[in-house]
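The values are calculated or read from the model by the stated rules, or taken from the named source; none is laboratory data. From a predicted model like this one, the values you see are computed outputs, not experimental measurements. Cβ: placed from backbone, ideal geometry, glycine included. Neighbour counts: every protein chain shown. Side chains are part of the model used for accessible areas, which takes the heavy atoms of the whole protein and leaves out ligands, DNA and RNA. Shrake-Rupley method; radii C 1.70, N 1.55, O 1.52, S 1.80 Å.
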Amino acid sequence: MSERPLPDGSPRWVADPGIPWRILLTATVPALAPDGALDASLEALARDQGWVTPPPLVVAGDPAGLRRRLATAQPAQVVIGRAGGDLVVSAHHSAVDGLGLLRVVEALGAGPVTSSARGVGDRAPDAGTARTIARRLREAALAPPAGLRLEPAVDSHAGGDVMVEQTLPGSFRTADLVHAATRAVVAREPARHVAIAIGATRDPLPDDPVIRDRSALLRLRDVERLDRAGIEQALRTAPLQTPPTPGAGGPGAALLGRAATTGMRLLSSRLGSTLLVSHLGEVSAPRVRGLAFHPVTAGGTGLSLGAVGHGGRTVVTLRARAAQWNDDGLEQLLEAVISLL
């Protein structure tokens, strides 16, 4: 992990420079506005938010191909595309979080859009920046999180991400997803130190009209030892994870930044978590027929599971790096998760 600038070149943000750090939301909208109106709405939103002027709407015939295209590095905080009645919104995670994507979709004419997701409120962080960096580097060196790879290995030179999804009837809590995903991981490859990162939000209903990254991160270790009730309890009590931000302000910041960046680079394949899980909650969107959320592919394994409930159904997605996974392998893993749900 190392520092990289925001899309507009302003304050720096911690990220693996090899990852575009873009999150995606696909909204199926039967009465989607014309292309020109979508462009005008996004340009107006960008002006209001102080974002870089977005590029024109990308039009494609295939939603899956459109998502792969918009998941690559982009110069603007938010870019959009359409494939028939599917609107795909791609945002850099340093500027917009998952619930922020819902606000973007609403601003593009698909509103009103609300979510039942609850914030973590004033839950305290687990440690300061220096202690967080030291602990994560020690963990990576001595007891790295369980990894999960496709066997046989796929083309290591492949670029971009692979994304798959399935729709299930009913609603599921984050603990359900974490439990099923952990069991699927261990069934595929017996593992120790399964680490699950959970994307949450600090403030689900902000009065501030500015769209920004209000996300928070919880992290559970050795999840293979926990049953469903244990995971639920851990989610209620886990402290917030302090971002390991090399170069943050304070005495010795420059030295800390150099040491952390070097250590993170050397141990990059052993950092992060086995899987990231992010649930946008139960979403109410009367003008929207379907939603699918794809979180970032960060961390050592680069696997992320996204979920969003809407209209009595839940869409569950998996996203992974194409250099490590192909469609078939990722579909098999998702099938295992679905069967356990």
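Tallying residues that are within 10 Å of the chain's Cα centre (by Cα), modelled with pLDDT of 95 or more and in a loop (DSSP other than H, G, I, E, B) within region 279-315 yields 1.
For every residue, the table says whether it meets (1) within 21 Å of P125 (Cα to Cα); (2) aromatic (F, W, Y); (3) open to solvent by 40 Å² or more (accessible area, probe 1.4 Å); (4) modelled with pLDDT of 90 or more.
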site	(1), (2), (3), (4)
S171	no, no, yes, yes
P190	no, no, yes, no
I198	yes, no, no, yes
D213	yes, no, yes, yes
R221	yes, no, yes, yes
A234	yes, no, no, yes
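Here's the yes/no breakdown for (1) touching a Leu at 6+ places or on another chain (Cβ under 7 Å); (2) under 22 Å from S215 (Cα atoms):
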residue	(1), (2)
P34	no, no
D48	no, yes
Q77	no, yes
A91	yes, yes
L101	yes, yes
A107	yes, yes
V113	yes, yes
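Criterion applied to A260, A254 was being touching a helix residue (DSSP H, G or I) at 6+ places or on another chain (Cβ under 8 Å), of a type in the set (G, A, S) and modelled with pLDDT under 95, and the one residue passing it is A260.
Looking across region 202-226, the residues that are under 20 Å from A181 (Cβ atoms) and either assigned to a strand (DSSP E or B) or in contact with a His (Cβ under 9 Å, 6 or more places away or on another chain) (or both) come down to S215, A216, L217, L218, R219, L220, R221, D222, V223, E224, L226.
Can you confirm whether R219 is over 30 Å from D48 (Cβ atoms) and among the charged types (D, E, K, R)? When the stated conditions are applied, R219 passes them. Within region 51-81, restricting attention to residues that are surrounded by fewer than 21 Cβ atoms within 10 Å (Cβ to Cβ) and among the polar types (S, T, N, Q), the residue that is modelled with the lowest pLDDT is Q74.
A181 falls short on exactly one of the conditions (1) in a helix (DSSP H, G or I); (2) surrounded by fewer than 17 Cβ atoms within 10 Å (Cβ to Cβ); (3) in contact with a strand residue (DSSP E or B) (Cβ under 7 Å, 6 or more places away or on another chain), and that condition is (2).
Yes or no: R103 open to solvent by 20 Å² or more (accessible area, probe 1.4 Å), closer than 16 Å to V29 by Cα and part of a helix (DSSP H, G or I)?
Here the answer is yes, as R103 does meet what is asked.
For region 305-319, the set of residues classified as open to solvent by 10 Å² or more (accessible area, probe 1.4 Å) and in contact with a Leu (Cβ under 8 Å, 6 or more places away or on another chain) consists of H310, R313, V315, listed by residue number. Going through (1) touching a residue at least 40 places away in the same chain (Cβ under 8 Å); (2) surrounded by fewer than 19 Cβ atoms within 10 Å (Cβ to Cβ) one by one, A322 falls short only on (2).
Checked against (1) open to solvent by 50 Å² or more (accessible area, probe 1.4 Å); (2) modelled with pLDDT under 95, W21 passes all but condition (1). Determine whether S156 is small (G, A, S), surrounded by fewer than 15 Cβ atoms within 10 Å (Cβ to Cβ) and at pLDDT below 95. Criteria met by S156. The set of residues from region 107-127 being within 26 Å of L87 (Cβ to Cβ) and either aliphatic (A, V, I, L, M) or free of Cβ contacts under 8 Å to residues at least 60 places away in the same chain (or both) comprises A107, L108, A110, V113, A117.
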